[in-house]
Amino acid sequence: AYVFQEFDRGMPDGFVSPPGRKKPWGTGHALLVCKDAVTTPFAAINADDFYGRTSYESLKIHLENARDTGSAYDYCAVGYELHNTLSDYGHVTRGVCEITPDYYLTGIRELKKIQRFDGEIKYQRDGANEWETLDPQSVTSMNMWGFTLSLFDELETRFARFVKNNTTDLKAEFLIPEIVGEMIDKKKARVKILPTREKWFGMTYSQDKPVVTDHIRKRIDAGMYPERLWE
């Protein structure tokens with residue numbers, strides 16, 4: 001099924017999008033408008049990212065066994081090693097995860113201007129001149145989530161509050177990582193990190209196109225994917 005993220009879809013009663021708003025309401029709203037089309041635990045991904053086959057396999061296993069309890073919802077996210085998520089052609093923004101020893105998410109730090117320098121990975125804080133070194137093995141979220149149906153009621157309640165607090169902001173976004181982070185803080189959800197060694201790749205820069213093409217070509221040649229994916 002296709003569901004279109006129309007501006008006024010899912011709005012609380014009595015509210016409409018501010019005149020002049022051109023930016024969608026964000027990834028959380030994109031999920032909310034799917035409420036009537038989804039009937040089982042589900043994955044949420046960025047459509048322009050390549051996540052790797054084993055990442056989907058681990059996500060599938062978790063979702064088949066996901067069970068909310070009276071104390072917390074049972075969510076998950078695939079965690080990539082930071083060095084497997086970078087572009088060779090410039091800096092990127094990544095969500096570096098803070099996790100418990102048994103791989104449950106406690107928070108996500110969004111770090112900007114991450115890139116490689118002479119074999120090291122560094123990032124620059126906003127307004128800072130110096131670059132700080134990051135662990136290449138840092139667990140990183142690439143927005144590959146697994147949720148149960150409980151998320152939809154949470155999104156509905158939280159989006160209503162979000163809209164009321166941002167009635168005149170034409171660029172405010174209702175974002176999945178912020179929503180999940182708030183639910184973790186309030187002990188409403190537990191998010192299991194599913195570690196993967198897959199290499200993420202996507203179209204961050206125009207120079208990435210031949211790299212992406214080559215990666216997919218190699219996987220087709222290895223028999224991992226058919227020559228014509230849509231068949």
Expected output for region 110-130 (first residue on the phi > 0 side of the Ramachandran plot, partner open to solvent by 40 Å² or more (accessible area, probe 1.4 Å), Cβ below 7 Å, 6+ apart or cross-chain) is Lys113/His91
Of (1) in a loop (DSSP other than H, G, I, E, B); (2) free of Cβ contacts under 8 Å to residues at least 24 places away in the same chain; (3) not hydroxyl-bearing (Ser, Thr, Tyr), Lys187 fails just (2)
In region 1-58, what count of residues is obtained for those that are at positive phi, over 19 Å from the mean Cα position of the chain (by Cα) and surrounded by 17 or more Cβ atoms within 10 Å (Cβ to Cβ)? 1
In region 141-173, which residue that is part of a loop (DSSP other than H, G, I, E, B) and at pLDDT 95 or above is surrounded by the most Cβ atoms within 10 Å (Cβ to Cβ)? Thr148
Taking the criterion of being under 13 Å from the mean Cα position of the chain (by Cα), assigned to a strand (DSSP E or B) and among the aliphatic types (A, V, I, L, M), would at least one residue in region 117-136 satisfy it? no
Considering residues that are under 16 Å from Leu155 (Cβ atoms) and at pLDDT below 85, the number found within region 14-38 is 1
Test result for Ser138, in contact with a Leu (Cβ under 7 Å, 6 or more places away or on another chain), of a type outside the set (Val, Ile, Thr), farther than 20 Å from Ser17 by Cα and at pLDDT 95 or above: yes
Does Ile220 count as modelled with pLDDT of 90 or more, under 22 Å from Ile99 (Cβ atoms) and either open to solvent by 70 Å² or more (accessible area, probe 1.4 Å) or not small (Gly, Ala, Ser) (or both)? no
Condition test on Ser206, is it within 29 Å of Gln115 (Cβ to Cβ) and without any contact (Cβ under 8 Å) to a residue 24 or more places away in the chain? yes
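The values are calculated or read from the model by the stated rules, or taken from the named source; none is laboratory data. Source: prediction; values computed, not measured. Using ideal geometry, Cβ is built from the backbone for each residue, glycine included, and neighbour counts are taken over all protein chains shown. The protein model used for the area step is the full one, side chains on, heavy atoms only, and it has no ligands, DNA or RNA in it. Shrake-Rupley method; radii C 1.70, N 1.55, O 1.52, S 1.80 Å.
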